[in-house]
Each structure stands twice: as structure tokens, then as C-alpha cells.
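The values are calculated or read from the model by the stated rules, or taken from the named source; none is laboratory data. None of the values given here were measured: they were computed from a predicted structure. So basically every Cβ, Gly included, is an ideal-geometry build from the backbone, and we count neighbours across all protein chains shown. Note: accessible area is taken over every heavy atom of the protein model, side chains too, but ligands, DNA and RNA are not part of it. Shrake-Rupley method; radii C 1.70, N 1.55, O 1.52, S 1.80 Å.
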Amino acid sequence: MFKWLKRAFLKMFRELVVYHHSSLEFRAKLITLMVSSDGTINDCEKMLVKEIAAETYRDDKDRAMLLYDTVMEYHQKIVTDNGLNFEDLIHIVDKEVKEVKRFCKKIELDKLERFAVCTEEEEERIFQQRILEFLQQLKHSCEV
């Protein structure tokens, strides 16, 4: 019960109580781009999000779970058309990278490429590849 309450509290007030919440949210947006590209999240993608969150925040299980929850929240907003759509998310990521240069380091293409194993349809793989190319160009533009 206490864990559930703590998790709900962190989700609602992450901007106030989570250290570097903007970095966590940026990572969640990147992952959401990969998993929401087809409008659904399958079990393979959910497991992979949990793995990547655990790898990213090895020493902080609460932060890893918050990353997972944030990805699911963003995905839900896209699916229900609740003030966010996929194109908006792409523009937000682009804008944030240009405004906050340290976010370039958060674009970990090797982790994002792993979502290809969860994708069955060829069209979806091609779309995910285009997203990765966009992120690679974005990362490269920061390094120049």
C-alpha cells in the first residue's frame, strides 16, 4: 500500500519532488516516440521500457519506475488525444534539445534501437528507423 501511495505521489508531483525531473521527462519522451509510433504498446515494448529504465537508473529503482510510469503517461495522452499527439511530441523533443544542450547526451540511440525486436510489421520498422534517423541528426547537430 505504501509503495503504491509513494508511486502515485511521485507521478503527480514529479516536477516538484523529483531531482532533475526534466531529464527524466526528456528520456521518457524519447522512449515514447519509439513505443507509440504505431499507437499501441505491446508486452515486448513494456518489458523493454522497464529494462531500459532499470539500466538508465541502476542505483535508483524508484526513479526507474517513475521513468516507466512517465512513458506510459505520455503514451496514454497520445492514444486518447489528450493534449498531445505524436507530431507534437516530435516537435517538443526537437525544441528541448535546441534549448537545453545537455539533453543531447540523453539521446542514447543504442537503447532506442532495441525496440526494433518488438516490431513485427515492416512499415512500423521503417517508421521507427525514420525516428532514429531524426534523433541521430538531432544529436549530431548538437555536437557540431
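Summary of computed values
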quantity	calculated
Which numbered condition Asn85 misses (of (1) in contact with a Phe, Trp or Tyr (Cβ under 9 Å, 6 or more places away or on another chain); (2) farther than 14 Å from Arg27 by Cβ; (3) not acidic (Asp, Glu))	(1)
Filter result (surrounded by fewer than 11 Cβ atoms within 10 Å (Cβ to Cβ) and of a type in the set (D, E, K, R)) within the stretch 81-97	Asp81, Glu87, Lys95
Top-ranked residue of the stretch 108-130 - restricted to ones that are acidic (Asp, Glu) and assigned to a helix (DSSP H, G or I), ranked as most open to solvent (accessible area, probe 1.4 Å)	Glu123
Selected residue (only one of Phe86, Phe134, Phe103 is of a type in the set (Phe, Trp, Tyr) and at pLDDT 95 or above)	Phe134
Residues being part of a loop (DSSP other than H, G, I, E, B) and of a type in the set (A, V, I, L, M) - total across the stretch 55-90	1
Residue tally, condition more than 13 Å from the chain's Cα centre (by Cα) and farther than 16 Å from Ser23 by Cα, over the stretch 62-76	0
Among (1) open to solvent by 60 Å² or more (accessible area, probe 1.4 Å); (2) touching a Lys or Arg at 6+ places or on another chain (Cβ under 7 Å); (3) without any contact (Cβ under 8 Å) to a residue 24 or more places away in the chain, the one test that Met65 misses	(3)
Test: residue in the stretch 98-107 that is part of a loop (DSSP other than H, G, I, E, B) and open to solvent by 50 Å² or more (accessible area, probe 1.4 Å)	no
